[in-house]
Every structure is written in structure tokens, then in C-alpha cells.
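Trainee: Can you keep this structure in mind? I'll have questions shortly.
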Amino acid sequence: MSDGNFLEEINKRRTFAIISHPDAGKTTVTEKVLLFGRALQTAGTVKGKKSGQHAKSDWMEMEKERGISVTTSVMQFPYQEHLVNLLDTPGHEDFSEDTYRTLTAVDSCLMVIDAAKGVEDRTIKLMEVTRLRDTPIITLMNKLDRDTRDPIDLLDEVESVLKIKCAPITWPIGMGKEFKGVYHLLRDETILYQTGQGHTIQESRVIKGLDNPELDDAIGLYADELREMLELVQGASHEFELEAFLKGELSPVFFGTALGNFGIDHMLDGLVEWAPTPLGRQTDQDTFVNASDNKFSGFVFKIQANMDPKHRDRIAFCRVVSGKYQKGMKMHHSRIGKDVRISDALTFLAGDRALLEEAYAGDIIGLHNHGSMRIGDTFTSGDKYIFTGIPNFAPELFKRIRLKDPLKQKQLLKGLIQLAEEGAVQVFRPLVNNDLIVGAVGVLQFDVVVARLKAEYNVDAIYEHVNVSTARWVYGDDKKVDEFKRKSEMNLAYDGGDNLTYIAPTMVNLSLAQERHPDIKFAATREQ
Ligand code: GDP
């Protein structure tokens, strides 16, 4: 294959995720996006209608929800001359580490806002995460077929709360029952909305030019109102600037209704035109690997077990950073220093899994994991570096986990370590006893662990209180760490990956330990 073709393959890719508050319309947007990608014949098959709120500990419901969101956890589809990868961010009640790590694997984000509600708290939290890497953000104001808030107020709110400049690309005409369509500021055309076309790709009527009398015929009094409004909008808002967008400082804003399948294509047009081509990543050797580097590399950002009842296996999701994956190729597993041959990487076509022949930088491939892969693992073409920036967070909640049947200790440990590898929870084994302590960032994860231990490992486990309130990974030179280990044995444990961890009964206790051992580093995040 010629170099030209290789670069063309990479440059046509766009890898993004949707961030939003629950119920803002992420699933509906996803459906319509896939409809445009022709990955779905008719939209509406991504997720079944939610059957009410699921009980928090109801595993079957969670599984159902998971099963469905899982088929959509990575979706690749063509749009115009481009190839788009859409990564699903988990929709858990708690903000989970998984969500964070998924955002490390994309190059841009679509922020979906319910235009009746404005900026909601989950969106604020997710935006904070995207700020860490200055990820470019495209905004979609959704649900214009309902009575929404004033569009100018919405932009003001995004600017003041999320600290990002807004550049409207489209502007809505009317709202709710009176929603007429949008005016596209860059194309100088009005695209008219028709109701009842949500399941198809609409042949929209387009009226060129703002002064076109056809516009007055089509939308009556709204035409003059629009003309006046636009003067105001253009005076008060920012113009689109590609550079500011790519730095994460300015967001192009679109208006539409996902349910009515209107405006999604405008947003997609913007995405493929402006969003970055696959970006490279930093390594622990202080080097930067570019996507166009023709040697293969990638990192694991998520591990998921038993994704599909038909394939009870574990899949490591690997973002290809550079080069090209080819079926049967050899990869170097940097952390363990071994070469592995990968013949069965998977791609995730909406709803179905297919064996993959080749993949390029920007793509996500699924690797069968038989226990040797962890989150943060780097695969290269022989180089020894590891990609940085894929952290574990120190858990904030702890419980001791105990078996109802003590003979199943081995099964329990195996299950816990595998669940920890997925990154949902962390497991700690104290140096001084045989306890197993589960640590989590969100409270829901404790229930998930018990339910999955039962379903997947046939282990009945229960929780007990444990006197741990915080954990820190411990680093330092070997001698100091050995000395620290002797002195603080009572408060030390190994995590699922055998990393030494200080588990402190109280925050005061942690501060004291930090004072007494200035040569030891106590880290609240750990990069693999
Ligand atoms: P998610 O929780 O963000 O994935 O949101 P969903 O896509 O499941 O949408 C939540 C609810 O809002 C569902 O009942 C959708 O049918 C509805 N919804 C989504 N988009 C629109 C829209 O554009 N207009 C209206 N009226 N409802 C919408």
C-alpha cells in the first residue's frame, strides 16, 4: 500500500464521543447519527424504550441496559467521504472512571444540551474532564420541537458556566409547535423543518439567502423576526474560528431536534469538516507519537467482560494511536515486554461484532483479553514506551467483601481482580491479613460487583464495614519503600495489579504518614 493511501485513510477518520446530562437526548442523537451513517435502516433500534427507572440493585435490568449500550459502545460509520468513530460514554448514575477514560480515547466531543433545561450538572462535570486535554467541543441544542429557553440565554449560559465561547452555526426559527427550521449562518440558507419525519433522512426544503422573498412565503412573520434577530446574534456572539475550536476555546453551536431528526446532519457536516483528524499521544519517554507514524501503536482504555451473552469473554478496547492494524500482526505488549500475535481483533458495527481485517490510527479495535491486558496497556511495533494520561483514580468508598461459602475464596479473588481490570472497582489485599477490600468511586458499583460475582463467577458475597477512608498509591526508591513497608505494614495493601497502596483509616492518618515519610510519594491517581 502506498504512503498516500495510508495518510488518506487516517485523515478521513474522526473519533468522537457524546457528552450530555441523562435524558438530554444522547441515545436519540446516536440513533440519528447512525441513520445518516446508513448503519441503521430506520432509526430507533439502538436502545429499547427504557422500562421505567431500574432498581439500583436489579442486575437483570442493569445487564439489559448494559447489553444494549454495549453493542453501541463503539460505532464506526461512513459519512460523506469520512469515516466516523463514535464512542459511547457509559450512562451510569455515578460518574465513573470509565467515562473519563473513554474521553481520553477520542479527539473531539459533541455536547448535547436539552434546550428546555440548559446546562445541567453532569454536563459540567464531563466538560471539566474534556478541559484536561482541551478537547474540541461541538454543541447541539436539542429538543427545539418543544418549548425551550431563549436561544441567546442558552449561549450565555454555556459561555458563563462552561467557560467556552459559543459560535452559532445555525439559528433556530421558532420553537415547539412553531419550530420552523434553522438558518445556517455560514451557508446563508434556511433549512425548513417538517414534523413527522424523524425516522427518515428528510429531503429538506432549503431557501438560499436571507432576503429571498420565498422565505417570507414559507415562514410568514418569522422571516422578519429572523432577520432582526440575526443582526443581534451576529453582534453579540462569536464568529466561528477553526483554530480556537481546535484549542477547545470555542464551540460551534447547532440547533435541532434529535427526535425529529433535524439538525443532526448540520452537526455532522461540521464535525467531519472541522473536528481534528486522529491526534497522536504522549509517551512516558517524553516523546510524542503522531497518528501518521507508520508503525502501529495503541493503548487500552477500557475492558469489558461478557459483553455479549453469546460470547462470554472479555474485550480490551484499544485506541489505535498510529499506523495500521492488520489481521495476524505481531504487537509488542510494552508493560510485560512480550510480543503477542493478534489474529482476532474485533470491530463493532452497530449491534454486531465482526472480525477486523485492518484498522488505522483513530480507530478502536477490540482485543480478546485472556488476563494479560489491563487498562492503560500500550501496544507498539517493538518500542518500549507506554502512553501516558490514562489514570486510575483513588477510590473514595471502601467495603470489606466476604464470602458466604468460604471455600470459594479463589473464585472470589479471580472475579474481583478481573472486575478491577475492567476499571469499575479496585480491589485491595492488606499485607497483614487475608481480607479483600473493594474500593469504588461511586456507590452503585458495589451492587454491580456483588451481582456480577454471582452471575459470572457463581460466588455469593456480602459486604462488611471496613475502617478505610482513603487510599494512595505509594512510590519512592526501593530502600525507602522497604523501610516504609516495615513501619506501616498495618496500613498497606496491594491492589489488583500488585501495586503497593496505603489504605488510611482517616485523612488525618494519611497526613501524618505523609509528614513522617517525606521521601515517599502518596499518589491519588495512578497511571499505568
Ligand atoms: P439520553 O438519556 O441522553 O440517552 O436521552 P434519550 O435519547 O434516551 O432521550 C430522553 C428522552 O427525550 C426520550 O424520551 C426521547 O424520546 C426524548 N427526546 C430526545 N430528543 C428529543 C427531541 O429532540 N425532542 C423531544 N421532544 N424529545 C426528545
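Trainee: Among the residues of segment 381-398, which ones are in a strand (DSSP E or B) and over 29 Å from LYS330 (Cα atoms)?
Mentor: PHE393, LEU397, PHE398
Trainee: List the number of the failed condition for ASP435; all other conditions in (1) in a loop (DSSP other than H, G, I, E, B); (2) free of Cβ contacts under 8 Å to residues at least 12 places away in the same chain; (3) over 30 Å from the mean Cα position of the chain (by Cα) hold.
Mentor: Of the numbered conditions (1) in a loop (DSSP other than H, G, I, E, B); (2) free of Cβ contacts under 8 Å to residues at least 12 places away in the same chain; (3) over 30 Å from the mean Cα position of the chain (by Cα), the odd one out for ASP435 is (2).
Table: residues versus (1) out of contact with any helix residue (DSSP H, G or I) (no Cβ under 8 Å at 6 or more places or on another chain); (2) in a strand (DSSP E or B); (3) closer than 28 Å to ARG101 by Cα.
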{"site": "VAL459", "(1), (2), (3)": "no, no, no"}
{"site": "TRP473", "(1), (2), (3)": "yes, yes, yes"}
{"site": "LYS480", "(1), (2), (3)": "yes, no, no"}
{"site": "PHE484", "(1), (2), (3)": "yes, no, no"}
{"site": "SER511", "(1), (2), (3)": "yes, no, no"}
{"site": "GLU515", "(1), (2), (3)": "yes, no, no"}
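Trainee: Let me ask another. For segment 167-177, how many residues are β-branched (Val, Ile, Thr) and part of a loop (DSSP other than H, G, I, E, B)? Before you say what the answer is, go through the steps one by one.
Mentor: So the first thing to find is which residues in segment 167-177 are β-branched (Val, Ile, Thr), and the list is 169-170, 173.
From the residues that got through so far, the ones that are part of a loop (DSSP other than H, G, I, E, B) too are 169.
Count: 1.
Trainee: Looking at (1) in contact with a Leu (Cβ under 8 Å, 6 or more places away or on another chain); (2) in a strand (DSSP E or B); (3) buried (at least 24 other Cβ atoms within 10 Å of the Cβ), find the lone condition where ILE138 falls short.
Mentor: Going through the list (1) in contact with a Leu (Cβ under 8 Å, 6 or more places away or on another chain); (2) in a strand (DSSP E or B); (3) buried (at least 24 other Cβ atoms within 10 Å of the Cβ), ILE138 breaks only (3).
Trainee: Among the residues of segment 251-295, write down those that are assigned to a strand (DSSP E or B) and within 16 Å of the ligand (Cβ to nearest atom).
Mentor: Listed by number, the residues that qualify are VAL253, PHE254, PHE255, THR257, PHE262.
Trainee: In the set GLN304, GLN234, GLN326, which member is within 19 Å of ALA17 (Cα to Cα) and at pLDDT below 95?
Mentor: GLN304
Trainee: A further question follows. Report, by residue number, each residue of segment 506-522 that is more than 31 Å from the chain's Cα centre (by Cα) and surrounded by 15 or more Cβ atoms within 10 Å (Cβ to Cβ).
Mentor: ASN509, LEU510, ALA513, GLN514, HIS517, ILE520
One line per residue, one yes/no per condition, for (1) at pLDDT 95 or above; (2) in contact with a Pro (Cβ under 8 Å, 6 or more places away or on another chain):
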| position | (1), (2) |
| --- | --- |
| THR139 | yes, yes |
| ASN142 | yes, no |
| ARG149 | yes, no |
| ILE164 | yes, no |
| TRP171 | yes, yes |
| THR195 | no, no |
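Trainee: Further, regarding this structure: I'm told LYS64 meets every condition in (1) within 21 Å of the chain's Cα centre (by Cα); (2) within 14 Å of the ligand (Cβ to nearest atom); (3) at pLDDT below 50 except one. Can you identify the failing condition by its number?
Mentor: Status for LYS64: all satisfied but (2).
Trainee: Now, a different point. Just name the residue that is surrounded by the most Cβ atoms within 10 Å (Cβ to Cβ) out of those in segment 118-134 that are modelled with pLDDT of 90 or more and of a type in the set (A, V, I, L, M, F, W, C).
Mentor: Filtering segment 118-134 for residues that are modelled with pLDDT of 90 or more and of a type in the set (A, V, I, L, M, F, W, C), the one surrounded by the most Cβ atoms within 10 Å (Cβ to Cβ) comes out as MET127.
Trainee: Test of understanding: among VAL427, VAL432, VAL468, VAL443, which residue is modelled with pLDDT under 90 and either of a type in the set (A, V, I, L, M, F, W, C) or closer than 17 Å to LEU416 by Cα (or both)?
Mentor: That would be VAL443, the only listed residue that is modelled with pLDDT under 90 and either of a type in the set (A, V, I, L, M, F, W, C) or closer than 17 Å to LEU416 by Cα (or both).
Trainee: Also, quick follow-up: Under 6 Å by Cβ, and 6 or more places apart or on different chains, what pairs join a residue from segment 178-200 that is assigned to a loop (DSSP other than H, G, I, E, B) with one that is acidic (Asp, Glu)?
Mentor: Final answer for the pair search is PHE179/ASP145.
Trainee: All but one of (1) under 14 Å from the mean Cα position of the chain (by Cα); (2) within 15 Å of the ligand (Cβ to nearest atom); (3) not in a strand (DSSP E or B) hold for MET111, so report the exception by its number.
Mentor: Condition (3) is where MET111 drops out.
Trainee: Tell me whether segment 481-489 contains one or more residues that are crowded, with 20+ Cβ neighbours inside 10 Å and either more than 16 Å from GLU396 (Cα to Cα) or within 32 Å of the chain's Cα centre (by Cα) (or both).
Mentor: Yes, segment 481-489 has at least one match.
Trainee: Considering only residues that are over 21 Å from LEU268 (Cβ atoms), acidic (Asp, Glu) and modelled with pLDDT of 60 or more, which ones fall in segment 67-102?
Mentor: Once the filter is applied, which keeps residues that are over 21 Å from LEU268 (Cβ atoms), acidic (Asp, Glu) and modelled with pLDDT of 60 or more, segment 67-102 yields GLU97, ASP98.
Rundown of residues vs (1) closer than 21 Å to ILE10 by Cβ; (2) in a strand (DSSP E or B), yes/no style:
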position	(1), (2)
CYS318	yes, yes
ILE336	no, no
GLY371	no, no
ILE375	no, no
PHE379	yes, yes
ARG400	no, yes
GLN411	no, no
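The values are calculated or read from the model by the stated rules, or taken from the named source; none is laboratory data. In this text, all values refer to a predicted model and were calculated from it rather than measured experimentally. Using ideal geometry, Cβ is built from the backbone for each residue, glycine included, and neighbour counts are taken over all protein chains shown.
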